[in-house]
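The values are calculated or read from the model by the stated rules, or taken from the named source; none is laboratory data. Since the structure is predicted, the reported quantities are computational estimates derived from the model, not experimental observations. All Cβ positions, glycine included, derive from the backbone under ideal geometry; neighbour counts span all protein chains shown.
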Amino acid sequence: MSANVSSTKKRGLFNRFLDVIEVVGNKLPHPVTLFVIFSLAVVVISAMAAKAGVSVEFDRINAATGETTRDTVAAVSLLTKAGIRQIFSDAVKNFTGFAPLGTVLVAMLGVGVAEGTGLVQAALRKLVLSTPKRLITAVVVFAGVMSNIASDAGYVVLVPLGALIFLSFKRHPLAGLAAAFAGVSGGFSANLLLGSLDPLLGGISQQAAQMYSPGYVVEPTANWYFMIVSTFLITIVGTFVTEKIVEPRLGKYEGEGVVEIEQLTQKEKTGLTYALISLLVYVAIMLFLTVPEGAILKSDAGKIISGSAFMAGIVPIIAGMFLIPGVAYGIAAGTVKNDKDVAAQMGKAMSSMGGYLVLAFVASQFVAYFGWSNLGTILAVKGANFLEATNMTGLPMLIGFILVSGFINLFIGSASAKWAIMAPVFVPMLMAVGYSPEFTQLAYRIGDSTTNIITPLMAYFAVIVAFAQKYDKKTGIGSIISVMIPYSVMFLLSWTALFILWFVFKLPIGPEASIYL
């Protein structure tokens, strides 16, 4: 990288550290293999725990009645005749009943149409190209944060676009690339709107919570209030790091990059207008079905959130927010000729989910085995007892959990894969000391997001390196990580500070979602 790096020695030290991370990371098996190993380990450990007579007593909260009862839970062996039968007979049910599976697939039907028709790409270009020069950094970071609604579109659309935007303003293109990458990946859990990640993580949290409190429900909106504020925090911090740390370090760009930013065509402009109109009509219809007294999508008790059809159907509603504007855009822009084109885009979106389906199958078996064995409940109660014994049940413990989440993220990139492993242990554990599953999930999302941008094991990291090499052929993994470390550190510190403030003032973290049970 032709940057004004302050010290070759420092860069060498960093690269040696990176080499260690790469070696350790490369020795890990594929996430699918990891879940197979974890599942087998649960089966064996369950037999050992049951033979040893492991059991715990604890106070369980009934989510439906609010009553507390004293329960005794013992380890159940999965190597018995009944256990082996259940492993085989329930394998399909485990998969089809895996909470995140349907949410992701349904959401991707709408997102796939919006991406396939060109709506997502055109909307992002419109956002960044119509911004004043002094606000361009903030808008690139903000657009990156918002782009995660459309799954991974931001990585392949906004990151290279960020470099082109900066270059067009005679600024270092790698700074623009870094700003966009920081927003897309470092701010992955922040957003003003609900995306596919919210019901995905919420479904896993709900399954984990029900190990401790049967019937407990975690809504997709569980972290919404916190994430709305986080969007502005990440935008401000990302802008500061870009302009005050990254750009000065990179210095003046002297490469030969070619600016190829394309203005929106008239068809694209018309398409965006149609998409906006259709979105407003769709939102108006949803408000009519949700807000008035006696609205169809309200619960029988008249609530919009708790027990309502609106929340039960939030995933298809989110899909519709992408599907309908996507179709409207496609018709106006000429990318949709008939219904076959829409169906083809949906099929294309589903075809890209093959890897996720495989991962979901093995993850669902692991989660099921963990629940059947009662190991999650036992670990949670014993872990809670340990935390109580150390008196580390407040902020130090929660901050430690954020750091642990961030560290694990360096080696396992998938947010859902990590949470499927961590949630069955930590959600019940923290419920046992009074913290809600929604709050535990919130802490996890902070750690999970902030280290995305510095791990070479992140799925799109190699793509980011390739984008950067267009402007500096010497750019490598170490170069990118050295640029992204300031974002990672500042995001972690500022986001944790916001988390602490939320905790101190006991603010609601989402609609009808609080810090404590």
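Examine segment 205-218 for a residue that is in contact (Cβ under 8 Å) with a residue 60 or more places away in the chain, closer than 22 Å to residue 236 by Cα and outside any loop (DSSP other than H, G, I, E, B), and state whether such a residue exists.
For segment 205-218, residues in contact (Cβ under 8 Å) with a residue 60 or more places away in the chain, closer than 22 Å to residue 236 by Cα and outside any loop (DSSP other than H, G, I, E, B): absent.
For residues in segment 186-242 being touching a Pro at 6+ places or on another chain (Cβ under 8 Å), of a type in the set (Ser, Thr, Tyr) and more than 18 Å from residue 376 (Cα to Cα), which is modelled with the highest pLDDT?
Within segment 186-242, the match that is modelled with the highest pLDDT is 225.
Being small (Gly, Ala, Ser) and closer than 12 Å to residue 118 by Cβ is the filter here, so list the residues in segment 316-327 that pass it. Please lay out each step first, then the result.
At the first step, the residues of segment 316-327 found to be small (Gly, Ala, Ser) are 319-320, 326.
Passing the criteria: only 326.
Among the numbered criteria (1) at pLDDT below 80; (2) touching a Ser or Thr at 6+ places or on another chain (Cβ under 7 Å); (3) crowded, with 22+ Cβ neighbours inside 10 Å, which one does residue 148 miss?
Exception for residue 148: condition (2).
Could you list, ordered by first residue, the pairs with Cβ atoms under 7 Å in which the first is in segment 111-133 and basic (Lys, Arg) and surrounded by fewer than 24 Cβ atoms within 10 Å (Cβ to Cβ) and the second is at pLDDT 80 or above and assigned to a loop (DSSP other than H, G, I, E, B), at least 6 apart or interchain?
Final answer for the pair search is 125/264; 126/264.
On the given criteria, is residue 58 touching a helix residue (DSSP H, G or I) at 6+ places or on another chain (Cβ under 9 Å), modelled with pLDDT under 85 and not β-branched (Val, Ile, Thr)? Quick ask: steps written out before the conclusion?
Values: touching a helix residue (DSSP H, G or I) at 6+ places or on another chain (Cβ under 9 Å): yes; modelled with pLDDT under 85: yes; not β-branched (Val, Ile, Thr): yes.
Judged against the criteria, residue 58 is a match.
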